[in-house]
Amino acid sequence: MVSVQDVVEESPVADVHNHLNPRSLSPSGFQDVLLYHYIVTELRSAGAPLGFGEVKGFDELKPIIPYFRRIRNTATHWGLMRILNDLYGLRVSGINEGNVNDVVKAIESVKGDEDRAVKVIRDSSRVRKSVLTLNPLEPLPEYDESLFTGALRLDPLLPDINPQSINKLSETYGISINNPNDIDEALSSIIS
């Protein structure tokens, strides 16, 4: 008998909200994982000093390690542990002085490995497509269409639509905008 869990586990996933960099999917260093902005927010809420989010090296990470214990019961910490255990092969239940070296080494060992990152997305997470939000006021990023699809994000343009934002849209896509139909044409060119 097939269970609901079996069906869910075999279902392909469309990732509609992510913070992936389509030009570089692999971590550029341990900071991308251990100090992801949601983790930084949790650590600050737990009393970590402001300004630590720009940690450059391992020595700068050391004073922050005790604060990881204080965020153990958060969903963000649970997600971090899943990432470290499922994607990096670790067996940790938290970040502490006894394991932080191994954690950093595991992340650093795959730094820049784009093939591994694609394999993780496709195989470990079963993600078939990730949605990129495309800002109409910025040039379109290059991305792998086998992994990503674009969705037009209108909030940078519409809430305060004004001559400056229209000029920026016109400059970005090289389309003269003189009326509402021209706006439609410019936005259509982004997603076609």
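Every read-out reported here was derived from the displayed coordinates using simple, explicitly stated rules and does not represent laboratory data. None of the values given here were measured: they were computed from a predicted structure. Using ideal geometry, Cβ is built from the backbone for each residue, glycine included, and neighbour counts are taken over all protein chains shown.
Numbers at a glance
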item: Isotropic mean projected area of the C-alpha convex hull, the chain (nm²); result: 14.9 nm²
item: Residue-count net charge about Pro27 - beta-carbon cut-off 12 Å; Lys, Arg +1, Asp, Glu -1; result: -2
item: Approximate spin-label separation Ile166-Asn179, in nm, with each point projected 7 Å along Cα-to-Cβ; result: 1.2 nm
item: Neighbour-limited loop hits for trypsin sites (Lys or Arg not before Pro), the range 67-151 (at most 11 other Cβ within 10 Å; DSSP other than H, G, I, E, B); result: Arg91
item: Listed residues Ala106, Ala75, Ala48, most fluctuating in the chain (Gaussian network, C-alpha, under 10 Å); result: Ala75
item: Spatially proximal aspartates and glutamates relative to Lys129 (Cα-Cα < 12 Å; intrachain offsets below 8 disregarded); result: Asp15, Asp144, Glu145
item: Share of pairwise Cα separations in the range 27-111, more than 20 Å, in percent; result: 23 percent
item: Local net charge near Tyr173, Cβ-Cβ under 14 Å (Lys/Arg +1, Asp/Glu -1); result: -4
item: Net charge of neighbours whose Cβ lies under 14 Å from the Cβ of Ala46, counting Lys and Arg as +1 and Asp and Glu as -1; result: +3
item: 24 Å Cα-Cα threshold exceeded, pairs from Lys62/Lys105; Lys111/Lys168; Lys56/Lys105; result: Lys111/Lys168
item: Quarter of the Cα convex hull surface for the range 127-191, i.e. its orientation-mean projected area (nm²); result: 4.5 nm²
item: Computed [θ] at 222 nm, deg cm²/dmol, the chain (DSSP H ≥ 4; -39,500 (n - 2.57); rounded to nearest 500); result: -10000 deg cm²/dmol
item: Residue-span extension gain [Val7 to Leu154] - 0.36 nm each, minus C-alpha spacing; result: 49.4 nm
item: Two-site FRET efficiency, Ser124 against Asn101, from Cβ-Cβ distance with R₀ of 25 Å, rounded to 0.05; result: 0.55
item: Distance (nanometres) between label positions extended 7 Å along Cα→Cβ at Arg116 and Asp15; result: 1.6 nm
item: Qualifying GluC sites (Glu not before Pro) in the range 98-158, DSSP loop, other Cβ atoms within 10 Å at most 12; result: Glu142, Glu145
